[in-house]
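Novice: Just passing along the structure, written as structure tokens.
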Amino acid sequence: MNRLPPASLAWLTWGLIAALFFAGFFQRVAPAVMVDELMREFAIAATLLGTLSAAYFYAEASMQVFSGMLADAKGPRWLAAVAAVIGSAGILLFASADSLWQAMLGRGLMGASFAVAFVAAMKLAGHWFPANRFATVTGVSLLIGNIGGILAGVPLAEAVAAIGWRASLVVSAAATLALALAIWLWVRDDPSERGYASHAHPEALNNGGVSLAGSLKRVISQRETWMLFCAAGFLAAPVLTFAGLWGVPYLVQAHGMERSEAASLTAAMFLGYAVGGPALGALSDRIGLRRLPYIGAAAVSACGWILLLAVPDMPLAARYALFAVIGFSAGGIIIGFAFAREVNHPGAGGTVGGVVNTSVLGVTAILQSALGWILDQNWQGAISGGARIYDAAAYEAAFFWLAASAIAAMISVAFTRETHCRLRYDSAGQKLSRRRREIEHLASQLEKEGSLEVGPKAAAPSSRNGTGPKVFGIGFGKTGTKSLQSILQTLGYRLPNQQEQEMRIVKALYAGDFRPLVDMVSQYDAFQDKPFSQGVTYAQVDALFPGSKFILTVRDPDEWFDSLCRYSCKTNGVSSVKELDEAFFKDKTVYLYKNYSYDNFRRYVTVVRDYKPVADWSLSFDREHFIGFYTRRNEDIIRYFDGREQDLLVIDLTKEKDITRILDFLGLPQELNCPMPHKNRTDRAGRSA
């Protein structure tokens, strides 16, 4: 299963879950075009109308964390199909309600069921799409959802006028039930269920071996989760409150517009919101930044709301443009969802989405109710057709809090740290950034002690006329490491003896002592094989010796695994890798010291379960596990050096005729070019060439 799923299959599978978000968004904002009907039907004023509409948001918000945990535990397919069935029941209950409490129960049931839609879509996106497209895909889900909001504007208003609000909702319930069937029949949680390789981070495939409670604990213990929680709610809630409930009555009552015209204006805000999500998400992905575009979006939103309050009687065209800009900037919350995912453990993808989305819905519910209360407090006593009429001053007093909310979003983002669109965890679920900071701190301490010189001077070798950086070969064994060693030696780089290198620094390094590594790297020019071909040593030497060059040798994963098997049989004198188990390696003195091979192969079979590394020897020479181990480390390296192409060369030596690319990468003249050597190649009979 090395072939990734075709884009068309990924979009279709994910699109059905996104369609549930479309249905949920439609129901979220449907009351905006039924304000007069609902006030008359249930004999209520603005405060209770706000509470009726907000019942959806309160229920949806209360379910977000739980739905995220369910998405991690049960999978998006099961969760979305069940939610669609329950959601259709909630719509029917609301449509047939004879009393306010029945209507609220129906709205609450809808909110609780559709709560899973956005979280499930994000969870599924993490499996069917690459990580650096997560913000883009999530933005498209916002686009699809907002199309539902747009259809709940003018089209629903016309349907309500033609067949009534109850009949209109019954039709939407039938469509939601049909969607449930489609999701169950077509959607699969992971591409592997259709015979393709998964895009999911390895820790996400089994939720990092973390329980539901553990997942939630990890997410809420992150300080930046809370900053992004606040930012998302404060940025999105004003749009959902205005365009989803109070915008239409404001434009009708304070500016004398027809309901269909007012609905088209709020639809412009939803359209901007819909376009802003994928556009700002794609921009963030493209420039490799989260914090800056997120702050910018919040700032534009705040300015938009302030302008609406400062210039209430602007021309119609300007009002359309302003509403569209406010909606577009609020679409920046999509950046926040990707941002939150990157600062948290990958096994908690659904949970973190649920936590952040709780703020979006919770703040909206509070604002809808609060603005209704403010309107009632400023009501001047006017009534028309059994419904209260509020003047412009009352609405302005309420809408002040929309501007304040957007400003609060901007402040919240300011307290986050940039991720550069990269997960902060490696394939073992460990924080790369924290490890790098620890190494940089160690380098600072060693420099103060006088035992280490850091910076460009420290990175420069003493050969090749004293110019150029240190060079590290960081590819796994059996990817051409000996060939790379030969090339570097031919080019005049000084490399340490391999046995000396491992004896001096490997054990010390794994014990947390970096001094032998610093001492050896300071004496030579280039390095390859252990320990630089294992773990995250590349990040450690990158921090200790800034300006270094890194060469990641790769080859076809299946060919790499087959070569490793042949080499292991040859060096251990066995006919099959099935003989190479824990008992074979345990307590044997091989190569350099006792348990050398045992320690080496134990790293291959160590997995993380319940926060603890566990050696599972049943995985010894398991093709799928070993290839996964190999590819994940390569992906971690490429992700770590994202945006630093001048520092990393990824090369398959088996496909190169000469060393042209290596010379270009190292900045050396082509006059030094020579045919590509192939050292230590093991043929299928197990012999070394």
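Taken together, the values in this text are just the output of simple stated rules run on the coordinates, not laboratory data. This one's a predicted model, so the numbers in the text were calculated from it and none came from an experiment. Neighbour counts run over all protein chains shown; Cβ positions are idealised from the backbone, glycine included.
Novice: Give the aspartates and glutamates reachable from K507 as a straight Cα distance under 15 Å; neighbours fewer than 8 places away on the same chain don't count.
Specialist: D519, D529, D599
Novice: Give the aspartates and glutamates whose C-alpha is closer than 12 Å to that of K530, dropping any in the same chain fewer than 8 places away, or say none.
Specialist: Of all the aspartates and glutamates, those that pass the test against K530 - Cα under 12 Å, at least 8 places apart if same chain - are E500, E502.
Novice: Tell me what the chain gives for mean residue ellipticity at 222 nm when only DSSP H runs of n ≥ 4 count, each as -39,500 (n - 2.57), the sum divided by the residue total, rounded to 500 deg cm²/dmol.
Specialist: That comes out to -21000 deg cm²/dmol.
Novice: What residues of segment 34-75 lie in the reach of a label at I220, counting those whose backbone N is under 16 Å from a point 7 Å from the Cα along Cα→Cβ?
Specialist: 61-70
Novice: Using R₀ = 35 Å, calculate the FRET efficiency as 1/(1 + (r/R₀)^6) where r is the Cβ-Cβ separation of A511 and D658; round to 0.05.
Specialist: The formula returns an efficiency of 0.25 here.
Novice: Among T358, A59, P191, whose Cα sits farthest toward the positive end of the charge dipole of segment 7-414 (+1 at Cβ of Lys/Arg, -1 at Cβ of Asp/Glu, about the Cα centre)?
Specialist: Value: P191.
Novice: By DSSP, what percent of the beta bridges with both residues in the chain are antiparallel, rounded to the nearest 5?
Specialist: Counting only bridges with both partners in the chain, antiparallel ones make up about 55 percent.
Novice: Then there is this: At 7 Å along the Cα-to-beta-carbon direction for both A382 and E500, put a label point, then send me their distance in nm to one decimal.
Specialist: With each label placed 7 Å out from Cα toward Cβ, I get 9.1 nm.
Novice: Shifting gears a bit: Among 240-250, 530-540, what's the highest-first ranking by average C-beta atoms within 10 angstrom per residue?
Specialist: Highest to lowest by the protection proxy: 240-250, 530-540.
Novice: What net charge is computed for the residues neighbouring M520, neighbours being all others with C-beta under 9 Å from the C-beta of M520, Lys and Arg scored +1, Asp and Glu -1?
Specialist: Summing Lys and Arg as +1 and Asp and Glu as -1 gives -1.
Novice: Kindly put K586, K507 in sequence by how many other C-beta atoms sit within 10 Å of each C-beta, fewest to most.
Specialist: Ascending Cβ contact count within 10 Å gives the list K586, K507.
Novice: Does a label point 7 Å from the Cα of I638, set along Cα-to-beta-carbon, have any residues of segment 467-486 with amide nitrogen under 20 Å, and which are they?
Specialist: Correct set: 472-481.
Novice: Once both labels are modelled 7 Å past Cα along the beta-carbon direction, what's the D622-V650 spacing in nm?
Specialist: 2.6
Novice: Can I ask one more? What FRET efficiency comes out for the pair S576/A174, r = Cβ-Cβ distance, R0 = 56 Å, nearest 0.05?
Specialist: Once the sixth-power term is evaluated, E becomes 0.40.
Novice: Given an 8 Å cut-off on Cα distances and at least 6 residues of separation, report the relative contact order of the chain as a percent.
Specialist: 15
Novice: What list do you get for V187, V171 if you sort them by fewest beta carbons within 10 Å?
Specialist: Exposure proxy ranking, most exposed first: V171, V187.
Novice: How many nm separate the modelled label positions at A370 and F415, each set 7 Å beyond the Cα in the direction of the Cβ?
Specialist: 1.6
Novice: For a Förster distance of 45 Å, can you work out the FRET efficiency between the beta-carbons of E41 and I306, rounded to the nearest 0.05?
Specialist: 0.80
Novice: Follow-up question, since we're still on this one. In whole angstrom, note down how far apart the Cα centers of segment 492-561 and segment 154-177 are.
Specialist: 66
Novice: Give the label of the value calculated from the structure for Cα extents along the principal axes in Å, choosing from [x] 92, 49, 42; [y] 75, 74, 45; [z] 118, 63, 57.
Specialist: Answer by label: [x].
Novice: Where does the charge balance sit around A382 when Lys and Arg score +1, Asp and Glu -1, over other residues with C-beta under 10 Å from its C-beta?
Specialist: 0
Novice: With only Lys, Arg, Asp and Glu charged, each at its Cβ (+1 for the first two, -1 for the last two), find how big the charge dipole of the chain is about the Cα centre; round to the nearest 20 debye.
Specialist: Dipole about the Cα centre, nearest 20: 1700 debye.
Novice: Just want the ordering: E502, E671, from fewest to most Cβ atoms lying within 10 Å of their own Cβ.
Specialist: E671, E502
Novice: Sorted by mean Cβ packing within 10 Å, highest first, what order do the peptides 283-293, 145-155 take?
Specialist: Those peptides, ordered most packed to least, come out 145-155, 283-293.
Novice: Below 15 angstrom from the Cβ of L124, what's the summed charge of the other residues (Lys, Arg +1; Asp, Glu -1)?
Specialist: It works out to a net charge of +3.
Novice: Among 543-556, 38-51, how do they line up from the highest to the lowest mean number of other beta-carbon atoms within 10 Å?
Specialist: Taking the mean over residues of other Cβ atoms within 10 Å, the ranking is 543-556, 38-51.
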